[in-house]
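Below is one structure; the comments refer to it alone.
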Amino acid sequence: MCPNARTSRDVVWQNEFFVKNKIMLVAHVATQHGQPYSLIKLPKPHIKGLLRKSMLEEWQTSWKNGDTGRKIYNIMPSVSLRPTNWIREDVMFFSQHGPFPAYLKRFHLSDSDYCSCGGTGTALHYATECIYTVSWHMRKPAPNFEQEWLKRVANNLVSRHKIRGIIKFMSEHRDLFRPP
């Protein structure tokens, strides 16, 4: 497992941190450069709503135009203040930053990107065709529907439980998944 993998608690904390900092920044800019509503007394909830809307728009633009996190962006293209309820294993699978030989080879942490069964060691391989994870297999998507398949799996709790089983099994039986 990746020692630096973030838990869902970390992701939620970062979102809350981002929101609070953005609200403080917008408030600071408003006090320095004047407010568009300076002559009108607006209720605090309305102001808070305007700040939240502005913050979400800027966050969405940043997420849409970003260079990192594209695998997750393809599954969740819209930002939200609601937590995804993903746990560590979900993040590892959908970001493909987990105990997968293809990922480990990319960062020179393994000499091979093959699974010990002979297939290419990607997250999709373990979820659909590896002989060592048959208990958790799902139907393999056609190559042109892979992105849609990932979205459906991400939104299906039963499928996410299977993914969690795969990641936990791989973590507990690392020797079994070493390349030949």
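Computed from the coordinates by the stated procedures, all read-outs in this text should not be read as laboratory data. Here the structure is a predicted model, which means the values were calculated and not measured. Cβ sites come from the backbone with ideal geometry, for glycine too, and all protein chains shown count toward neighbours.
A few points about this structure:
- Considering residues of the stretch 72-99 that are free of Cβ contacts under 8 Å to residues at least 60 places away in the same chain and of a type outside the set (A, V, I, L, M, F, W, C) only, the residue surrounded by the most Cβ atoms within 10 Å (Cβ to Cβ): 95
- Residue 136, sole failed condition from (1) of a type in the set (A, V, I, L, M, F, W, C); (2) surrounded by fewer than 15 Cβ atoms within 10 Å (Cβ to Cβ); (3) more than 15 Å from the chain's Cα centre (by Cα): (2)
- Only one entry in 132, 103, 126, 114 is within 16 Å of residue 174 (Cβ to Cβ) and in contact with a Pro (Cβ under 6 Å, 6 or more places away or on another chain), namely 114.
- Scanning the stretch 83-120 for residues that are farther than 22 Å from residue 140 by Cα and polar (S, T, N, Q) yields a total of 4.
- Single match in 102, 142, 127, 123 (criterion: free of Cβ contacts under 8 Å to residues at least 24 places away in the same chain, surrounded by 18 or more Cβ atoms within 10 Å (Cβ to Cβ) and among the small types (Gly, Ala, Ser)): 102
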